[in-house]
Amino acid sequence: MTIQMDFEDQHIEVHEFRGGAVAIACVLALVLQAFLNKFSAHFQLLELPLLVVIYFGLSRRNPISGLFLGTAVGLLQDGISHTPIGLYGIAKGVIGYIASSVGARLDTEHPISRFILVFLFFHIHQVILAVTIHLLLARPEPFFSTQLLIASLINSAVAVFLFAGLDQLRKQ
Amino acid sequence: MDVPARHRPLVLLVAVILAQLLLLAFQIKRGQDVRLIRVWAAAVLTPPQHAGIFVISKIEGAWSGYIDLWHAQRYNQQLADEVGKLRLKNQQLEGQAAEAGRLAKLLGFRQANLNVPMVAAEVIGASADSNSETIFINRGEHDGLRRNMAVITPDGVVGKIFEVFSHTAQVLLITDKESGVGALLANTRTHGVVNGTGDPLLRMDYVTTGEKLFVGEEILTSGEDRIFPKDLPVGTVASAKPGYPFQTIRAKPAAHLDRLEEVLVLLTEESLNPRQTEAPAASATPEKTSSNSKPRGNAAKAPIASRAPKNAAAPASHAKTPPPPAKKNPAVVKPTGTNPPGAPR
(Lines give C-alpha, C1' and ligand atoms only; values in the text may rest on other atoms or scores of the structure.)
Protein backbone atom coordinates (compact mmCIF):
# COMPACT_ATOMS: atom_id res chain seq x y z
CA MET A 1 0.00 0.00 0.00
CA THR A 2 1.22 3.42 -0.82
CA ILE A 3 0.28 6.38 1.31
CA GLN A 4 0.29 9.87 -0.13
CA MET A 5 1.42 12.42 2.40
CA ASP A 6 2.73 15.98 2.43
CA PHE A 7 6.37 16.33 3.25
CA GLU A 8 7.80 19.77 2.95
CA ASP A 9 5.22 20.84 0.38
CA GLN A 10 5.85 17.78 -1.74
CA HIS A 11 3.66 14.76 -2.32
CA ILE A 12 5.75 11.70 -1.50
CA GLU A 13 4.93 8.05 -1.32
CA VAL A 14 5.43 6.30 2.02
CA HIS A 15 5.42 2.50 1.78
CA GLU A 16 4.02 0.35 4.52
CA PHE A 17 5.02 -3.22 5.11
CA ARG A 18 3.27 -6.26 6.35
CA GLY A 19 3.21 -6.83 10.06
CA GLY A 20 6.57 -7.89 11.44
CA ALA A 21 8.14 -7.81 8.01
CA VAL A 22 10.64 -5.11 9.00
CA ALA A 23 11.69 -6.86 12.18
CA ILE A 24 11.93 -10.25 10.55
CA ALA A 25 13.93 -8.88 7.64
CA CYS A 26 16.37 -7.17 9.97
CA VAL A 27 16.87 -10.21 12.21
CA LEU A 28 17.19 -12.42 9.20
CA ALA A 29 19.83 -10.14 7.71
CA LEU A 30 21.86 -10.26 10.92
CA VAL A 31 21.57 -14.00 11.26
CA LEU A 32 22.37 -14.58 7.63
CA GLN A 33 25.37 -12.26 7.88
CA ALA A 34 26.77 -14.24 10.78
CA PHE A 35 25.82 -17.52 9.19
CA LEU A 36 27.42 -16.80 5.83
CA ASN A 37 30.65 -15.50 7.35
CA LYS A 38 31.02 -18.86 9.00
CA PHE A 39 31.24 -20.58 5.67
CA SER A 40 33.53 -18.33 3.72
CA ALA A 41 35.60 -15.24 4.27
CA HIS A 42 34.34 -13.90 0.97
CA PHE A 43 30.96 -13.29 2.53
CA GLN A 44 32.62 -10.75 4.81
CA LEU A 45 32.38 -8.35 1.90
CA LEU A 46 28.62 -8.44 2.22
CA GLU A 47 26.90 -6.02 4.59
CA LEU A 48 23.37 -7.37 4.71
CA PRO A 49 22.31 -5.42 7.82
CA LEU A 50 23.40 -2.20 6.14
CA LEU A 51 21.43 -3.05 3.00
CA VAL A 52 18.30 -3.73 5.06
CA VAL A 53 18.69 -0.44 6.90
CA ILE A 54 19.14 1.45 3.64
CA TYR A 55 16.14 -0.22 2.08
CA PHE A 56 13.72 0.43 4.89
CA GLY A 57 15.05 3.95 5.30
CA LEU A 58 14.49 4.75 1.68
CA SER A 59 11.09 3.10 1.66
CA ARG A 60 9.58 4.47 4.82
CA ARG A 61 11.08 7.93 4.34
CA ASN A 62 10.78 8.88 7.99
CA PRO A 63 14.11 10.07 9.43
CA ILE A 64 13.17 9.20 13.00
CA SER A 65 12.07 5.69 12.23
CA GLY A 66 15.13 5.31 9.95
CA LEU A 67 17.38 6.51 12.76
CA PHE A 68 15.92 4.10 15.29
CA LEU A 69 15.87 1.20 12.87
CA GLY A 70 19.47 1.78 11.88
CA THR A 71 20.55 2.19 15.50
CA ALA A 72 18.74 -0.95 16.54
CA VAL A 73 20.23 -3.02 13.75
CA GLY A 74 23.67 -1.59 14.39
CA LEU A 75 23.51 -2.33 18.11
CA LEU A 76 22.43 -5.87 17.40
CA GLN A 77 25.28 -6.23 14.96
CA ASP A 78 27.63 -4.92 17.65
CA GLY A 79 26.14 -7.44 19.99
CA ILE A 80 27.02 -10.38 17.80
CA SER A 81 30.37 -8.91 16.81
CA HIS A 82 33.56 -8.42 18.79
CA THR A 83 33.25 -4.66 18.66
CA PRO A 84 32.32 -2.16 21.38
CA ILE A 85 28.56 -1.76 21.63
CA GLY A 86 27.54 1.36 19.71
CA LEU A 87 30.16 1.32 16.97
CA TYR A 88 27.84 -0.01 14.29
CA GLY A 89 24.89 1.53 16.09
CA ILE A 90 26.15 5.03 15.38
CA ALA A 91 27.09 4.29 11.77
CA LYS A 92 23.87 2.54 10.87
CA GLY A 93 21.76 5.03 12.80
CA VAL A 94 23.24 7.87 10.74
CA ILE A 95 22.77 5.87 7.52
CA GLY A 96 19.13 5.13 8.40
CA TYR A 97 18.57 8.82 9.08
CA ILE A 98 20.19 9.97 5.84
CA ALA A 99 18.51 7.25 3.78
CA SER A 100 15.10 8.27 5.10
CA SER A 101 15.84 11.90 4.37
CA VAL A 102 17.12 11.14 0.87
CA GLY A 103 14.22 8.80 0.14
CA ALA A 104 11.82 11.66 0.65
CA ARG A 105 13.48 13.67 -2.12
CA LEU A 106 14.80 11.22 -4.71
CA ASP A 107 13.44 8.40 -6.79
CA THR A 108 14.59 5.32 -5.00
CA GLU A 109 12.59 2.78 -6.94
CA HIS A 110 14.75 2.55 -10.01
CA PRO A 111 17.45 -0.14 -9.89
CA ILE A 112 20.20 2.21 -11.07
CA SER A 113 19.36 4.82 -8.49
CA ARG A 114 19.29 2.09 -5.88
CA PHE A 115 22.71 0.85 -7.03
CA ILE A 116 24.20 4.33 -6.81
CA LEU A 117 22.59 5.11 -3.47
CA VAL A 118 23.78 1.86 -1.89
CA PHE A 119 27.26 2.48 -3.28
CA LEU A 120 27.34 5.93 -1.68
CA PHE A 121 25.77 4.80 1.58
CA PHE A 122 28.25 1.97 1.86
CA HIS A 123 31.17 4.39 1.72
CA ILE A 124 29.50 6.86 4.05
CA HIS A 125 28.96 4.01 6.46
CA GLN A 126 32.63 3.08 6.14
CA VAL A 127 33.74 6.68 6.72
CA ILE A 128 31.64 6.94 9.86
CA LEU A 129 33.03 3.65 11.12
CA ALA A 130 36.59 4.68 10.35
CA VAL A 131 36.19 8.04 12.06
CA THR A 132 34.61 6.48 15.12
CA ILE A 133 37.25 3.77 15.39
CA HIS A 134 40.02 6.31 14.84
CA LEU A 135 38.71 8.73 17.45
CA LEU A 136 37.49 6.36 20.11
CA LEU A 137 39.68 3.32 19.76
CA ALA A 138 42.72 5.25 18.53
CA ARG A 139 43.16 2.59 15.88
CA PRO A 140 43.95 3.26 12.23
CA GLU A 141 41.07 2.35 9.92
CA PRO A 142 41.11 3.02 6.16
CA PHE A 143 38.53 5.39 4.77
CA PHE A 144 38.87 3.92 1.33
CA SER A 145 40.61 0.91 -0.23
CA THR A 146 40.32 -1.37 -3.22
CA GLN A 147 38.76 -4.02 -1.11
CA LEU A 148 36.22 -1.52 0.12
CA LEU A 149 35.53 -0.48 -3.46
CA ILE A 150 34.94 -4.06 -4.48
CA ALA A 151 32.77 -4.62 -1.43
CA SER A 152 30.74 -1.54 -2.20
CA LEU A 153 30.17 -2.66 -5.78
CA ILE A 154 29.20 -6.14 -4.70
CA ASN A 155 26.83 -4.80 -2.04
CA SER A 156 25.33 -2.39 -4.55
CA ALA A 157 24.71 -5.19 -7.00
CA VAL A 158 23.26 -7.46 -4.32
CA ALA A 159 21.13 -4.57 -3.09
CA VAL A 160 19.43 -4.22 -6.50
CA PHE A 161 18.15 -7.76 -6.24
CA LEU A 162 17.58 -7.73 -2.51
CA PHE A 163 15.55 -4.55 -2.65
CA ALA A 164 13.42 -6.03 -5.44
CA GLY A 165 12.74 -9.00 -3.24
CA LEU A 166 11.99 -6.84 -0.22
CA ASP A 167 9.55 -4.85 -2.33
CA GLN A 168 7.35 -7.91 -2.17
CA LEU A 169 6.90 -7.35 1.54
CA ARG A 170 5.14 -4.07 0.95
CA LYS A 171 1.45 -3.83 1.53
CA GLN A 172 -0.34 -3.68 -1.75
CA MET B 1 12.57 22.23 25.76
CA ASP B 2 10.48 23.24 22.77
CA VAL B 3 12.18 22.05 19.58
CA PRO B 4 10.69 22.98 16.20
CA ALA B 5 9.18 19.97 14.41
CA ARG B 6 11.43 20.52 11.43
CA HIS B 7 14.57 20.07 13.57
CA ARG B 8 13.20 17.33 15.75
CA PRO B 9 14.68 14.43 13.72
CA LEU B 10 18.09 16.10 13.69
CA VAL B 11 18.03 16.66 17.43
CA LEU B 12 17.02 13.07 17.89
CA LEU B 13 19.86 11.95 15.66
CA VAL B 14 22.34 13.88 17.71
CA ALA B 15 20.88 12.52 20.93
CA VAL B 16 21.07 8.95 19.74
CA ILE B 17 24.61 9.36 18.53
CA LEU B 18 25.65 10.96 21.81
CA ALA B 19 24.00 8.18 23.76
CA GLN B 20 25.91 5.59 21.81
CA LEU B 21 29.13 7.54 22.14
CA LEU B 22 28.66 7.45 25.87
CA LEU B 23 27.93 3.76 25.63
CA LEU B 24 31.17 3.29 23.72
CA ALA B 25 33.05 5.40 26.16
CA PHE B 26 31.95 3.12 28.98
CA GLN B 27 33.33 0.11 27.17
CA ILE B 28 36.51 1.36 25.59
CA LYS B 29 39.63 1.45 27.71
CA ARG B 30 42.66 3.53 26.96
CA GLY B 31 46.21 3.23 28.30
CA GLN B 32 46.59 2.34 32.00
CA ASP B 33 43.27 0.46 31.66
CA VAL B 34 41.26 3.66 32.16
CA ARG B 35 37.81 3.78 30.64
CA LEU B 36 37.32 6.34 27.93
CA ILE B 37 34.41 7.90 29.81
CA ARG B 38 36.82 8.68 32.63
CA VAL B 39 39.31 10.16 30.20
CA TRP B 40 36.58 12.32 28.70
CA ALA B 41 35.23 13.30 32.09
CA ALA B 42 38.71 14.27 33.18
CA ALA B 43 39.27 16.14 29.93
CA VAL B 44 36.00 18.02 30.38
CA LEU B 45 36.24 18.68 34.09
CA THR B 46 39.92 19.23 34.76
CA PRO B 47 40.38 22.39 32.65
CA PRO B 48 37.70 24.28 34.60
CA GLN B 49 39.21 22.91 37.79
CA HIS B 50 42.63 24.06 36.69
CA ALA B 51 41.19 27.42 35.72
CA GLY B 52 39.39 27.70 39.05
CA ILE B 53 42.49 26.75 41.02
CA PHE B 54 44.54 29.17 38.94
CA VAL B 55 42.10 32.03 39.49
CA ILE B 56 41.73 31.28 43.19
CA SER B 57 45.48 30.98 43.66
CA LYS B 58 45.99 34.24 41.83
CA ILE B 59 43.37 35.96 43.95
CA GLU B 60 44.88 34.47 47.10
CA GLY B 61 48.34 35.47 45.95
CA ALA B 62 47.25 39.00 45.17
CA TRP B 63 45.44 39.28 48.49
CA SER B 64 48.29 37.82 50.51
CA GLY B 65 50.68 40.03 48.55
CA TYR B 66 48.59 43.05 49.40
CA ILE B 67 48.42 42.03 53.04
CA ASP B 68 52.14 41.29 53.09
CA LEU B 69 52.83 44.62 51.45
CA TRP B 70 50.67 46.36 54.00
CA HIS B 71 52.47 44.58 56.83
CA ALA B 72 55.80 45.27 55.20
CA GLN B 73 54.98 48.94 54.94
CA ARG B 74 54.08 49.08 58.62
CA TYR B 75 57.09 47.03 59.53
CA ASN B 76 59.27 49.25 57.38
CA GLN B 77 57.91 52.32 59.13
CA GLN B 78 58.57 50.73 62.52
CA LEU B 79 62.08 49.81 61.44
CA ALA B 80 62.70 53.30 60.12
CA ASP B 81 61.56 54.76 63.45
CA GLU B 82 63.71 52.29 65.31
CA VAL B 83 66.70 53.05 63.11
CA GLY B 84 66.22 56.75 63.79
CA LYS B 85 66.08 56.15 67.53
CA LEU B 86 69.08 53.85 67.40
CA ARG B 87 71.04 56.38 65.37
CA LEU B 88 70.25 59.04 67.91
CA LYS B 89 71.19 56.73 70.74
CA ASN B 90 74.34 55.73 68.92
CA GLN B 91 75.31 59.34 68.49
CA GLN B 92 74.68 59.91 72.18
CA LEU B 93 76.75 56.87 73.09
CA GLU B 94 79.52 57.91 70.75
CA GLY B 95 79.49 61.34 72.31
CA GLN B 96 79.53 59.82 75.78
CA ALA B 97 82.33 57.47 74.79
CA ALA B 98 84.36 60.32 73.38
CA GLU B 99 83.66 62.35 76.47
CA ALA B 100 84.66 59.41 78.65
CA GLY B 101 87.85 59.09 76.67
CA ARG B 102 88.64 62.72 77.08
CA LEU B 103 87.80 62.67 80.76
CA ALA B 104 89.90 59.55 81.23
CA LYS B 105 92.76 61.34 79.59
CA LEU B 106 92.27 64.33 81.82
CA LEU B 107 92.04 62.09 84.85
CA GLY B 108 95.19 60.32 83.86
CA PHE B 109 96.96 63.61 83.45
CA ARG B 110 95.64 64.75 86.77
CA GLN B 111 96.74 61.59 88.52
CA ALA B 112 100.16 61.86 86.98
CA ASN B 113 100.48 65.31 88.45
CA LEU B 114 98.82 64.97 91.80
CA ASN B 115 101.21 67.45 93.39
CA VAL B 116 100.33 70.14 90.88
CA PRO B 117 97.20 72.14 91.71
CA MET B 118 94.95 72.34 88.68
CA VAL B 119 91.30 72.76 87.92
CA ALA B 120 89.37 70.95 85.22
CA ALA B 121 87.05 73.16 83.24
CA GLU B 122 84.55 72.72 80.50
CA VAL B 123 84.56 74.85 77.41
CA ILE B 124 81.25 76.64 77.30
CA GLY B 125 81.75 79.08 74.47
CA ALA B 126 84.01 80.65 71.95
CA SER B 127 84.78 84.12 70.80
CA ALA B 128 82.21 85.93 68.75
CA ASP B 129 84.99 87.79 67.02
CA SER B 130 86.60 86.09 64.07
CA ASN B 131 89.84 88.03 64.58
CA SER B 132 90.48 86.71 68.06
CA GLU B 133 91.02 83.14 69.14
CA THR B 134 89.44 82.83 72.56
CA ILE B 135 87.19 80.45 74.42
CA PHE B 136 85.13 80.62 77.56
CA ILE B 137 85.37 78.05 80.34
CA ASN B 138 83.03 77.34 83.21
CA ARG B 139 85.51 78.17 85.93
CA GLY B 140 86.22 81.59 87.35
CA GLU B 141 87.40 83.59 90.29
CA HIS B 142 85.46 81.44 92.73
CA ASP B 143 87.44 78.44 91.57
CA GLY B 144 90.73 80.17 92.18
CA LEU B 145 91.45 81.21 88.63
CA ARG B 146 93.55 84.27 87.99
CA ARG B 147 94.81 86.04 84.94
CA ASN B 148 97.73 84.52 83.01
CA MET B 149 97.23 81.05 84.38
CA ALA B 150 98.13 78.34 81.92
CA VAL B 151 95.37 76.39 80.23
CA ILE B 152 96.33 73.01 78.87
CA THR B 153 95.02 69.62 77.81
CA PRO B 154 96.84 66.34 78.09
CA ASP B 155 97.79 66.82 74.44
CA GLY B 156 99.44 70.13 74.94
CA VAL B 157 99.22 73.85 75.59
CA VAL B 158 95.91 75.56 74.90
CA GLY B 159 96.44 79.12 76.01
CA LYS B 160 96.25 81.28 79.10
CA ILE B 161 93.55 82.90 81.19
CA PHE B 162 92.90 86.26 79.66
CA GLU B 163 89.92 87.55 81.63
CA VAL B 164 88.49 86.16 84.85
CA PHE B 165 84.91 86.51 85.92
CA SER B 166 83.18 85.21 88.99
CA HIS B 167 82.24 81.84 87.56
CA THR B 168 83.69 81.92 84.08
CA ALA B 169 86.89 82.87 82.43
CA GLN B 170 88.10 83.78 78.97
CA VAL B 171 91.06 81.90 77.57
CA LEU B 172 93.36 83.34 74.93
CA LEU B 173 94.38 80.49 72.67
CA ILE B 174 97.96 80.15 71.51
CA THR B 175 96.75 80.59 67.94
CA ASP B 176 95.61 84.13 68.63
CA LYS B 177 97.71 86.88 67.07
CA GLU B 178 98.37 88.39 70.49
CA SER B 179 99.49 85.11 71.98
CA GLY B 180 103.06 83.99 72.56
CA VAL B 181 104.67 81.04 74.33
CA GLY B 182 108.26 80.61 75.36
CA ALA B 183 109.27 77.40 73.59
CA LEU B 184 112.19 75.23 72.59
CA LEU B 185 112.85 72.56 70.02
CA ALA B 186 112.80 69.17 71.68
CA ASN B 187 115.83 67.75 69.85
CA THR B 188 118.26 70.63 69.98
CA ARG B 189 116.83 72.47 72.95
CA THR B 190 116.99 75.58 70.85
CA HIS B 191 114.89 78.31 72.36
CA GLY B 192 112.47 80.51 70.56
CA VAL B 193 109.00 81.99 70.81
CA VAL B 194 105.85 80.40 69.44
CA ASN B 195 103.42 83.07 68.33
CA GLY B 196 99.85 82.81 67.17
CA THR B 197 99.03 83.96 63.69
CA GLY B 198 95.27 83.87 63.72
CA ASP B 199 95.51 80.76 61.55
CA PRO B 200 95.42 77.14 62.65
CA LEU B 201 99.21 76.99 62.37
CA LEU B 202 101.63 78.68 64.77
CA ARG B 203 104.86 80.45 64.00
CA MET B 204 108.11 79.84 65.87
CA ASP B 205 110.39 82.82 65.87
CA TYR B 206 114.00 83.49 66.81
CA VAL B 207 115.46 80.20 65.61
CA THR B 208 118.57 80.95 63.65
CA THR B 209 119.06 79.62 60.17
CA GLY B 210 121.94 77.42 61.15
CA GLU B 211 119.85 75.34 63.50
CA LYS B 212 118.95 71.87 62.23
CA LEU B 213 115.38 70.85 62.73
CA PHE B 214 112.96 68.34 61.25
CA VAL B 215 109.42 68.35 60.10
CA GLY B 216 107.47 66.72 62.90
CA GLU B 217 109.99 67.74 65.51
CA GLU B 218 108.33 68.47 68.78
CA ILE B 219 108.20 71.94 70.26
CA LEU B 220 107.94 72.19 74.05
CA THR B 221 107.40 74.99 76.47
CA SER B 222 110.59 76.46 77.82
CA GLY B 223 109.09 77.84 81.01
CA GLU B 224 110.71 81.19 80.40
CA ASP B 225 107.40 83.01 80.03
CA ARG B 226 106.48 82.36 83.67
CA ILE B 227 103.12 81.16 82.56
CA PHE B 228 103.50 77.66 81.20
CA PRO B 229 105.52 75.08 83.07
CA LYS B 230 108.50 73.70 81.31
CA ASP B 231 108.37 70.85 78.77
CA LEU B 232 104.68 70.93 77.95
CA PRO B 233 104.00 70.06 74.30
CA VAL B 234 103.25 73.13 72.25
CA GLY B 235 103.20 71.62 68.80
CA THR B 236 105.23 70.04 66.05
CA VAL B 237 107.21 71.58 63.23
CA ALA B 238 105.12 71.69 60.08
CA SER B 239 107.56 73.52 57.82
CA ALA B 240 110.72 75.56 58.01
CA LYS B 241 112.26 77.98 55.54
CA PRO B 242 115.72 79.49 55.87
CA GLY B 243 115.88 83.23 56.35
CA TYR B 244 118.23 85.86 57.64
CA PRO B 245 118.96 85.78 60.43
CA PHE B 246 116.07 83.55 61.61
CA GLN B 247 114.22 80.69 60.00
CA THR B 248 110.54 80.88 59.22
CA ILE B 249 109.07 77.95 61.08
CA ARG B 250 105.42 76.97 61.02
CA ALA B 251 104.12 74.64 63.71
CA LYS B 252 101.03 72.63 64.24
CA PRO B 253 99.49 72.93 67.74
CA ALA B 254 99.72 69.83 69.86
CA ALA B 255 96.34 70.40 71.45
CA HIS B 256 93.25 69.97 69.30
CA LEU B 257 92.23 73.57 69.52
CA ASP B 258 89.43 73.19 67.01
CA ARG B 259 87.53 70.70 69.15
CA LEU B 260 88.21 71.62 72.74
CA GLU B 261 85.65 70.49 75.24
CA GLU B 262 87.50 70.01 78.52
CA VAL B 263 90.67 71.75 79.61
CA LEU B 264 92.85 71.99 82.66
CA VAL B 265 93.81 75.26 84.29
CA LEU B 266 97.11 75.12 86.11
CA LEU B 267 97.03 77.00 89.35
CA THR B 268 100.80 76.93 89.59
CA GLU B 269 103.85 77.18 87.44
CA GLU B 270 105.36 73.95 88.66
CA SER B 271 106.65 71.48 86.14
CA LEU B 272 104.33 68.73 84.96
CA ASN B 273 104.65 65.21 83.65
CA PRO B 274 102.69 65.46 80.42
CA ARG B 275 104.02 62.09 79.10
CA GLN B 276 102.27 60.18 81.86
CA THR B 277 98.82 60.83 80.53
CA GLU B 278 98.58 57.87 78.16
CA ALA B 279 98.72 55.14 80.84
CA PRO B 280 97.72 56.64 84.14
CA ALA B 281 96.82 53.42 85.86
CA ALA B 282 100.00 51.64 84.90
CA SER B 283 102.36 54.26 86.24
CA ALA B 284 102.30 55.14 89.87
CA THR B 285 105.54 57.10 89.74
CA PRO B 286 105.40 60.19 87.56
CA GLU B 287 108.17 60.52 85.01
CA LYS B 288 110.65 63.17 85.82
CA THR B 289 110.73 66.32 83.82
CA SER B 290 114.37 65.81 83.02
CA SER B 291 113.53 62.75 81.00
CA ASN B 292 111.47 64.90 78.69
CA SER B 293 114.45 67.05 78.04
CA LYS B 294 116.11 64.36 76.00
CA PRO B 295 116.07 64.92 72.29
CA ARG B 296 113.03 63.41 70.65
CA GLY B 297 112.10 63.00 67.02
CA ASN B 298 112.84 60.92 64.00
CA ALA B 299 116.56 60.84 63.41
CA ALA B 300 116.11 59.31 60.00
CA LYS B 301 114.47 62.45 58.70
CA ALA B 302 116.65 64.80 56.74
CA PRO B 303 117.17 68.23 58.19
CA ILE B 304 115.20 70.80 56.30
CA ALA B 305 117.28 73.80 57.36
CA SER B 306 120.71 72.31 56.76
CA ARG B 307 121.40 74.70 53.87
CA ALA B 308 121.04 77.72 56.12
CA PRO B 309 123.85 80.30 55.99
CA LYS B 310 126.55 79.64 58.53
CA ASN B 311 127.11 83.26 59.29
CA ALA B 312 123.66 83.67 60.80
CA ALA B 313 123.82 84.97 64.31
CA ALA B 314 122.70 82.41 66.80
CA PRO B 315 120.78 83.67 69.81
CA ALA B 316 121.64 82.68 73.27
CA SER B 317 118.89 80.11 73.23
CA HIS B 318 120.82 78.12 70.62
CA ALA B 319 123.00 76.66 73.32
CA LYS B 320 122.22 73.06 74.24
CA THR B 321 122.86 73.74 77.84
CA PRO B 322 119.81 74.55 79.97
CA PRO B 323 118.13 77.74 78.82
CA PRO B 324 119.44 81.03 80.15
CA PRO B 325 117.36 83.30 82.28
CA ALA B 326 114.53 85.03 80.55
CA LYS B 327 116.11 88.43 80.77
CA LYS B 328 119.05 87.38 78.56
CA ASN B 329 116.93 85.65 75.94
CA PRO B 330 115.46 87.89 73.25
CA ALA B 331 112.66 85.43 72.77
CA VAL B 332 111.29 85.73 76.26
CA VAL B 333 107.55 86.18 76.26
CA LYS B 334 105.97 88.76 78.39
CA PRO B 335 103.56 87.43 80.96
CA THR B 336 100.79 89.40 79.33
CA GLY B 337 101.08 87.25 76.29
CA THR B 338 102.07 90.00 73.91
CA ASN B 339 105.16 89.68 71.75
CA PRO B 340 108.36 91.39 72.76
CA PRO B 341 109.05 94.71 71.18
CA GLY B 342 111.05 94.46 68.01
CA ALA B 343 110.27 90.79 67.49
CA PRO B 344 109.50 90.04 63.86
CA ARG B 345 105.87 89.07 63.25
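Summed over region A:47-73, the residues that are facing another protein chain (nearest Cβ under 8 Å) and within 23 Å of B:A25 (Cα to Cα) give a count of 3.
Give the residues of region A:73-110 that are surrounded by fewer than 18 Cβ atoms within 10 Å (Cβ to Cβ) and in a helix (DSSP H, G or I), sorted by residue number. Selection gives A:G79, A:I80. When the residues of region A:116-136 are narrowed to those that are aromatic (F, W, Y) and in contact (Cβ under 8 Å) with a residue 40 or more places away in the chain, which ends up surrounded by the most Cβ atoms within 10 Å (Cβ to Cβ)? Step by step, filter region A:116-136, then rank; the result is A:F121. Evaluated against (1) away from chain B (no Cβ under 14 Å); (2) among the hydrophobic types (A, V, I, L, M, F, W, C); (3) within 16 Å of A:L48 (Cβ to Cβ), A:A91 falls short on exactly one condition, (1). Set side by side, the residues B:E218, B:E211 differ, and just one is modelled with pLDDT of 90 or more and in contact with a strand residue (DSSP E or B) (Cβ under 8 Å, 6 or more places away or on another chain), which is B:E218. Inspect region A:129-149 for any residue being in contact with a Ser or Thr (Cβ under 6 Å, 6 or more places away or on another chain) and away from every other protein chain (no Cβ under 14 Å) and give the result as yes or no. Within region A:129-149 (the criterion being in contact with a Ser or Thr (Cβ under 6 Å, 6 or more places away or on another chain) and away from every other protein chain (no Cβ under 14 Å)), the answer is no, since none of the residues qualifies. Is there a residue being touching a helix residue (DSSP H, G or I) at 6+ places or on another chain (Cβ under 7 Å) and either at pLDDT 90 or above or not in a strand (DSSP E or B) (or both) anywhere in region B:138-149? No - not one qualifying residue is present in region B:138-149. For region B:151-263, please list each of the strands (runs of 3 or more DSSP E) lying entirely inside it that holds at least 2 residues being surrounded by 21 or more Cβ atoms within 10 Å (Cβ to Cβ) and in contact with a Lys or Arg (Cβ under 8 Å, 6 or more places away or on another chain). Ranges flagged: B:156-164, B:169-173, B:191-195, B:202-205, B:218-221, B:233-241, B:248-253.
Being within 14 Å of chain A (Cβ to nearest Cβ) and of a type in the set (V, I, T) is a description that does not apply to B:V44.
Does at least one position in region B:12-21 carry a residue that is outside any helix (DSSP H, G or I) and within 13 Å of chain A (Cβ to nearest Cβ)? No, because not a single residue in region B:12-21 is outside any helix (DSSP H, G or I) and within 13 Å of chain A (Cβ to nearest Cβ). Inclusion of A:S113 among residues that are surrounded by fewer than 24 Cβ atoms within 10 Å (Cβ to Cβ), at pLDDT 90 or above and more than 9 Å from chain B (Cβ to nearest Cβ) is warranted. In region B:37-58, is there at least one residue being of a type in the set (V, I, T), over 19 Å from A:T132 (Cβ atoms) and under 60 Å from the mean Cα position of the chain (by Cα)? For region B:37-58, residues of a type in the set (V, I, T), over 19 Å from A:T132 (Cβ atoms) and under 60 Å from the mean Cα position of the chain (by Cα): present.
Which members of region B:83-128 meet the condition of being closer than 13 Å to B:V265 by Cα and not acidic (D, E)?
First, pick out the residues of region B:83-128 that are closer than 13 Å to B:V265 by Cα: B:106, B:109-110, B:113, B:116-123.
Matches in region B:83-128: B:L106, B:F109, B:R110, B:N113, B:V116, B:P117, B:M118, B:V119, B:A120, B:A121, B:V123.
The residues of region A:137-159 that are exposed (fewer than 15 other Cβ atoms within 10 Å of the Cβ) and either among the basic types (K, R) or in a helix (DSSP H, G or I) (or both), listed by number, are A:R139, A:T146, A:Q147, A:L149, A:I150, A:A157. Under 30 Å from A:G96 (Cβ atoms), hydrophobic (A, V, I, L, M, F, W, C), touching a Lys or Arg at 6+ places or on another chain (Cβ under 8 Å) and within 14 Å of another protein chain (Cβ to nearest Cβ): does that describe B:V39? Considered against the rule, which asks whether it is under 30 Å from A:G96 (Cβ atoms), hydrophobic (A, V, I, L, M, F, W, C), touching a Lys or Arg at 6+ places or on another chain (Cβ under 8 Å) and within 14 Å of another protein chain (Cβ to nearest Cβ), B:V39 comes out as yes.
Among the residues of region B:112-120, is any modelled with pLDDT of 85 or more, within 25 Å of the chain's Cα centre (by Cα) and within 13 Å of B:L260 (Cβ to Cβ)? Yes, region B:112-120 contains at least one residue that is modelled with pLDDT of 85 or more, within 25 Å of the chain's Cα centre (by Cα) and within 13 Å of B:L260 (Cβ to Cβ).
When every residue of region B:24-33 is checked against the conditions, at least one turns out to be surrounded by 14 or more Cβ atoms within 10 Å (Cβ to Cβ), over 19 Å from A:F68 (Cβ atoms), among the aliphatic types (A, V, I, L, M) and within 12 Å of chain A (Cβ to nearest Cβ). Selection within region A:77-101: residues that are of a type in the set (A, V, I, L, M) and under 21 Å from A:G165 (Cβ atoms). The member of this set that is nearest to the chain's Cα centre (by Cα) is A:I95. Counting only residues that are in contact with a Leu (Cβ under 9 Å, 6 or more places away or on another chain), within 10 Å of A:K92 (Cα to Cα) and crowded, with 24+ Cβ neighbours inside 10 Å, region A:53-69 holds 4 of them. Of all the criteria given as (1) within 14 Å of chain A (Cβ to nearest Cβ); (2) assigned to a helix (DSSP H, G or I); (3) of a type in the set (K, R), the one not satisfied by B:K58 is (1).
The values are calculated or read from the model by the stated rules, or taken from the named source; none is laboratory data. Just so it is clear, the model here is predicted, and its values are computed rather than measured. Cβ: placed from backbone, ideal geometry, glycine included. Neighbour counts: every protein chain shown.
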